[in-house]
1. Can you check what the net charge comes to around D:ALA182, using other residues whose Cβ is under 10 Å from the Cβ of D:ALA182 (Lys, Arg +1; Asp, Glu -1)?
2. Based on DSSP H runs of at least 4 residues, each adding -39500 (n - 2.57), what is the mean residue ellipticity at 222 nm of the protein assembly as shown after dividing by all its residues, to the nearest 500 deg cm²/dmol?
3. What does the accessible area per residue of the range A:4-196 come to in Å², with a 1.4 Å probe and no ligands, DNA or RNA counted?
4. What is the mean number of Cβ atoms from other protein chains located within 10 Å of the Cβ atom of each residue in peptide B:113-126, rounded to a whole number?
5. Shape verdict for the range B:90-205, please, from the Cα gyration tensor: rounded (a/c under 1.5), prolate (a/b greater than b/c) or oblate.
6. Using +1 on the beta carbon of Lys and Arg, -1 on that of Asp and Glu, and nothing else charged, what's the dipole of the range B:60-140 about the Cα centre, debye to 20?
7. Treating the angle as unsigned and between 0 and 90°, give the value, to the nearest 10°, between the Cα long axis of helix D:2-27 and the longest Cα principal axis of chain D.
8. Using a 1.4 angstrom probe on heavy atoms only, work out the carbon and sulfur share of the accessible area of the protein assembly as shown in %.
Protein chains: 4
Amino acid sequence: MSTQSETAETNRLEAFSDGVFAIAITLLVLELKSPELEDGERLWPALRHEWPQFAAYLTSFAILGIMWVNHHSMFRQIKRADRGLMFLNLLLLLWTTLLPFPTSLFAEHLRDESINSNVAAAVYSANLTLAAIAFSAIWWHVLRNHLVDHDMTKAQMRTSLLRYSIGTVIYGACIGLSFISAQMTLLVVFLLALYYGFEQVRTRA
Amino acid sequence: MSTQSETAETNRLEAFSDGVFAIAITLLVLELKSPELEDGERLWPALRHEWPQFAAYLTSFAILGIMWVNHHSMFRQIKRADRGLMFLNLLLLLWTTLLPFPTSLFAEHLRDESINSNVAAAVYSANLTLAAIAFSAIWWHVLRNHLVDHDMTKAQMRTSLLRYSIGTVIYGACIGLSFISAQMTLLVVFLLALYYGFEQVRTRA
Amino acid sequence: MSTQSETAETNRLEAFSDGVFAIAITLLVLELKSPELEDGERLWPALRHEWPQFAAYLTSFAILGIMWVNHHSMFRQIKRADRGLMFLNLLLLLWTTLLPFPTSLFAEHLRDESINSNVAAAVYSANLTLAAIAFSAIWWHVLRNHLVDHDMTKAQMRTSLLRYSIGTVIYGACIGLSFISAQMTLLVVFLLALYYGFEQVRTRA
Amino acid sequence: MSTQSETAETNRLEAFSDGVFAIAITLLVLELKSPELEDGERLWPALRHEWPQFAAYLTSFAILGIMWVNHHSMFRQIKRADRGLMFLNLLLLLWTTLLPFPTSLFAEHLRDESINSNVAAAVYSANLTLAAIAFSAIWWHVLRNHLVDHDMTKAQMRTSLLRYSIGTVIYGACIGLSFISAQMTLLVVFLLALYYGFEQVRTRA
């Protein structure tokens, strides 16, 4: 009975997380604003001029989608949740729910010619880095407390931990890249999301 | 056990999608704005003057409702999810969560006498077309990878694929219709949603 | 197997509806605006002056809460869902998701000395009446198509249908009351929600 | 069968509550506004100047997270739900969904040098106190009506009730503290959330 109650706990943890991911990914649309037109101004050029909004929307959607898929994969391997896992998961959800804010900041300043575009890109990258760290912390906690639902060899554990650490390093590097070019940072982050998507399709399907 | 884990995956995929549909359909209300009244202006005529807002709200609600019902029917026939399905489903959710934006654009410009009303209608129709393409892609992927939970004859597969392709063609035609009349486009899209609703009641109940 | 698939359908229908109710009830808070203060103006009197916002928030929260409880009770008695039920349920959710709009309209115009306060109250009451009609229609459809999970006598069916019809009549009467006094309408609607709450505790607990 | 139906009721109650918690915690981000910059103004100092927004965001996130964990723990011990429990739970959800409003009020007035900062802090603390009272009321109702899923000694019941009462007293004291210092109130509330988090990890893991 104790086991059953632990399993229920994992289910409700996943349901809550799914809810937060689903809401965060849907709220992104609220940051898209209709262009305000002058008399006689045409809508299509005005929409095209708003491309940073759409690029940032698409990128954050892809990232949150991948994060949800990752979360999903990770929790399929977890057989029970302790309180430590619940709080580390809340930390991950903190960075997840925050993402619409730097997304809107990034879109707004992407074309600024000042340092502001770089700062907005760095804040965005920092948010992603913090989320990657939270993912690593969850996995490290899960391994250390034997919460996985199958036996892993030491080598498998090292490999899986390494995978998450690489994410942290890459997004951390994006903070640096932000100060070279905000637009390149957005492109790299978007391509990374696509790459992670396809790589997972290939290695785990 | 492998099968059970695959089934769980489908469940969480459906739960996540349900969440996104439920949130997108509920967020539509945030695009409805109270009319700002001048001193002595009366509320009822001001509300009636906002009819494009309500017409666009109702149409998008009907479309998202039908999409949810369709998604529901489709996934009842799917017995397991692979990674490809997860990413195609995310693509569908991308167009689902985006819909409140063109809805608000459409409502705002429906009565413009310039080309802007046509552009707004075309953007709206393009969103629906992209969603229809994503539905077709999911079904095509599901059939090709034998993810359905029952045997289908070649004829049944062709028929079901054809059904989805027709949706793509019809919404694609609405992009063209947009440049003839924005208001007619809204009406046609609304009637299509009603038709799809009733047609499903009839053929699958 | 057919039965199992039908049951799953009811579950997903309930989960989707729960999601919509949960989102609509939580979105109400977005209509609460911080008062904009002049230099030296004090916050507490400004907040107290915004009482119509809070009264409308509380009333709509109570109504959506009761509606969720009602929906819950009703669907506990339904053993399977057909397509007709799905579309009538979508109709109910339409009025549910719309409610934040008339709530904000009501709060904004509650103290207007013109006919506008009555119009806002009437729009609000009309929304509630349409939701009550949708509830009746669902129950009527369920009884007519034998979707309940237990046998009911003719008398029980009549009694249960009557209960829902009374709701429709009462909220319909509130549309009339709106043209006498907007503030009284808000009070009556709030008391009705409390009454329905307690009455259900008594008769079905 | 009656028991099964009661259990289902608890599940749907938990699912609905999870939805509301997930939405409320995610909506907090909508209160974060991009700073509006003058020509040539730099983004980073403007963001740093908005620290009350981020501090209030983080605090409310932590509180809603802890409340969800608490709700979770409490309902794991509840074996069936009656109507009284449903309505007390709705009362708790009322204070949960309301929290984004005082959060935004608190952030906006945290640095006011007038009494307004104290009033905003007191409103925020009052919201938390009302939530703590609702938690106590739920637990008291559950114990009185034997809705828990295991036997508790009188001593255990007293201890558990005392735990919830202490929360009410502490948050009540924060209302008083608000009139000494708004910023100290925010800090204390944040530290309390962290303390409750760690304390639960220790005593119940």
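The values are calculated or read from the model by the stated rules, or taken from the named source; none is laboratory data. Computed from a prediction, not measured in an experiment: that's the story for all the values here. Every residue, glycine as well, gets a Cβ built from its backbone with ideal geometry; the counts of neighbours run over all protein chains shown. To get the accessible areas, we keep the full protein, side chains included, count just its heavy atoms, and leave off ligands, DNA and RNA. Shrake-Rupley method; radii C 1.70, N 1.55, O 1.52, S 1.80 Å.
1. 0
2. -27500 deg cm²/dmol
3. Values: 7840 Å² over 193 residues.
For the range A:4-196, the per-residue accessible area is 41 Å².
4. Taking the mean over all residues of the peptide, I get 2.
5. Prolate.
6. Using only the charged Cβ atoms, the result is roughly 540 debye.
7. Taking Cα atoms only, the helix is inclined about 10 degrees.
8. Of all accessible area on the protein assembly as shown, carbon and sulfur atoms account for 62 percent.
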